[in-house]
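Novice: One structure follows; several queries about it will come next.
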Amino acid sequence: MNVNNLMAELERKHPGENEYLQAVREVLESIEEVYNQHPEFEKAKIVERIVEPDRIFTFRVTWVDDKGEVQTNLGYRVQFNSAIGPYKGGLRFHKAVNPSMLKFLGFEQTFKNALTTLPMGGAKGGSDFDPTGKSDAEIMRFCQAFMLELWRNIGVDTDVPAGDVGVGGREIGFLNGMYQKLARQYHTGVLTGKGETWGGSILRPEATGFGALYFVEHMLKLAGKSIKDKTVVVSGFGNVAWGASKKAMELGAKVIGISGPDGVVFIPNGMTAEMNDYMLELRASNRNIVAPFAEKFPGTTFTPGKKAWSIKCDIALPCAFQNELNGDDAAELLKNGTWCCAEVSNMGCTPEAIHAFQKAGILFAPGKAVNAGGVATSGLEMTQNCMHLSWSGKEVDEKLHFIMESIHNACVKFGKQADGHIDYVKGANIAGFMKVAQAMLEQGVF
Ligand code: GLU
């Protein structure tokens with residue numbers, strides 16, 4: 001395999017889709033050496049096949065806003081790869097959603113889901129609908145209109161969507177209600193991230209953040225360190241940032257910063273449980289600004305226009321959006337003494353930032369390993385739905401612990417370098433790729 005030739009071909013097929021191309025390049029560079037030791041992969045053209053989505057659905061979503069105006073958005077579902085199980089992955093509602101973003105996310109999802117140890121293929125979907133400033137009634141009407149198109153392409157054993165940026169429990173509720181109405185199927189398992197009383201996993205809201213912190217704990221332990229009393233900064237204030245802060249606090253860390261698109265809040269004495277709860281309220285307000293946090297809690301300060309990475313901290317956890325931590329941010333963190341960065345958002349760091357962290361030799365782990373606890377818990381929710389039972393929070397948490405440990409072990413197995421250093425980027429990419437590639441090889445060419 002020749003990475004540059006493959007990338008040139010991909011650029012020809014997907015011109016200008018930079019996020020997608022960036023995600024593919026990272027994986028190809030990681031797996032090149034191992035791939036070339038497997039002539040059977042080369043013969044079956046696994047890599048040429050694995051970088052292309054199986055299929056993409058694009059549809060118009062028309063709905064009526066509170067003023068009675070007709071609005072039209074675009075909706076998508078990218079079914080990326082089903083070699084190891086039914087398509088699985090979130091729906092993102094954000095004004096910047098486009099095919100490139102969803103292909104990148106679907107591609108990442110394929111390898112992430114492979115890492116979870118569960119049988120789930122990769123998919124992603126969403127819309128350029130912007131939830132900012134929308135009323136609950138508008139969100140409901142949009143979700144219903146979105147499902148009016150999507151429902152024919154999903155199903156318990158074909159494709160199981162979930163939440164992502166802009167899609168949480170409220171949206172999954174509206175989507176699920178409409179799905180059941182249209183399909184006349186009352187199986188609880190066609191979406192995950194459902195409410196506790198209608199088939200949801202009791203731990204799904206916390207799972208991405210909790211899983212990320214379990215991964216960080218393993219990474220730190222192997223490096224002879226502990227998270228206790230360390231300072232942590234998270235970006236964002238949504239569901240993922242909430243869960244990550246909650247678990248970081250439980251493990252004895254001090255969460256000293258959160259951020260939003262409008263700026264950063266510095267919390268000198270560390271986040272309290274009350275502040276952590278308030279993050280959910282802030283998100284549910286649909287205003288997408290973090291400034292009210294500082295107004296509510298005296299002693300915390302809001303700085304407009306600044307990123308979370310301007311705060312001096314031990315551990316940086318990007319929890320919001322792709323490419324939210326760039327080369328300059330990495331330089332600032334390193335100057336301030338940060339010694340660990342774990343991506344909780346998908347592709348949260350730019351390639352320049354990752355190279356800077358790796359060059360400096362600090363602990364770094366990529367999103368597809370760190371944030372896999374979310375989709376893993378979705379996989380557990382699917383299992384519960386198929387078995388028509390519900391596990392307790394303790395049972396789900398134990399399984400999540402086991403899965404995050406397995407993912408960490410896989411990263412170590414495939415990412416251990418000659419000098420003993422663990423390259424978590426390589427480790428996660430190779431471990432995920434090997435599983436999907438083997439499954440594709442064994443099932444023939446089609
Ligand atoms: N959107 C989440 C992710 O990026 C969760 C997907 C799911 O639960 O299916 O993995």
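Novice: List every residue whose amide H lies under 5 Å from the amide H of VAL264, counting only residues 5 or more places away in sequence or on a different chain, with H placed 1.01 Å from N in the peptide plane.
Specialist: Hits under the 5 Å cutoff: THR303, GLY305, LYS306.
Novice: Additional query: Report Rg/Rh for the stretch 116-225, rounded to two decimals, where Rg is the Cα radius of gyration and Rh the Kirkwood radius.
Specialist: Using only Cα positions, Rg/Rh for the stretch 116-225 is 1.05.
Novice: Please list the equivalent ellipsoid semi-axes of the stretch 175-242, computed as the square roots of five times the alpha-carbon gyration tensor eigenvalues, in descending order and whole angstrom.
Specialist: That gives 36, 13, 8 Å for the three semi-axes.
Novice: How large is ³J(HN,Hα), in whole Hz, for each residue of the stretch 336-346 in order, when computed from phi with the Karplus curve 6.51 cos²θ - 1.76 cosθ + 1.60 and θ = phi - 60°, using x for Gly and Pro?
Specialist: 7, x, 4, 10, 8, 9, 10, 6, 9, 6, 5
Novice: For VAL255, what residues show an amide H to amide H distance below 5 Å, using hydrogens built from the backbone and excluding near sequence neighbours?
Specialist: When sequence neighbours closer than 5 places are left aside, the close amide H contacts are VAL232, MET271.
Novice: A further question follows. Take the chain, mark every one of the trypsin sites (Lys or Arg not before Pro) that falls in a DSSP loop and has at most 13 other Cβ within 10 Å, then report the longest stretch left between them, sites excluded.
Specialist: 229-446
Novice: Next question. Could you give the size of the charge dipole of the chain about its Cα centre, using +1 on the Cβ of each K and R and -1 on the Cβ of each D and E, expressed in debye and rounded to the nearest 20? Please list the in-between numbers first.
Specialist: Working: 46 positive and 51 negative charges, 69 e Å.
Rounded to the nearest 20 debye, it is 340 debye.
Novice: Right, another one. Considering only the other residues whose Cβ falls under 9 Å of the Cβ of GLY122, what net charge follows from Lys and Arg at +1 and Asp and Glu at -1?
Specialist: Residues near GLY122 contribute +2 overall.
Novice: From the backbone phi of the stretch 63-69, what are the Karplus-calculated ³J(HN,Hα) couplings (6.51 cos²θ - 1.76 cosθ + 1.60, θ = phi - 60°) in whole Hz, Gly and Pro given as x?
Specialist: 8, 10, 7, 5, 8, x, 7
Novice: Using modelled amide H (1.01 Å from N, peptide plane; none on Pro or chain starts), what sits under 5 Å from the amide H of ASN323, excluding residues fewer than 5 places away?
Specialist: HN-HN under 5 Å from ASN323: GLY348, CYS349.
Novice: Shifting gears a bit: If each residue's Cβ is checked for other Cβ atoms within 10 Å, how do TYR179, TYR20 rank with the fewest at the top?
Specialist: Starting with the residue having the fewest Cβ neighbours, the order is TYR179, TYR20.
Novice: Among the lysines, which have Cα under 29 Å from the Cα of LYS312 when same-chain residues fewer than 8 positions away are ignored?
Specialist: LYS221, LYS225, LYS228, LYS230, LYS246, LYS247, LYS254, LYS296, LYS335, LYS359, LYS368, LYS426
Novice: Now for a separate question. Rounded to the nearest 500, what is the 222 nm mean residue ellipticity of the chain from helices alone, with -39500 (n - 2.57) per DSSP H run of 4+ residues and division by all residues?
Specialist: Numbers: 17 runs with 216 residues, N = 446.
The helix contribution divided over the chain gives -15500 deg cm²/dmol.
Novice: From the phi angles alone, apply the Karplus equation (6.51, -1.76, 1.60; θ = phi - 60°) to the stretch 287-292 and give each ³J(HN,Hα) in whole Hz, x where the residue is Gly or Pro.
Specialist: 8, 6, 9, 9, 3, x
None of the figures in this text is laboratory data; all of them are computed from the coordinates on show. None of the values given here were measured: they were computed from a predicted structure. Please note: Cβ atoms are built from the backbone with ideal geometry, for glycine as well, and neighbour counts cover all protein chains shown.
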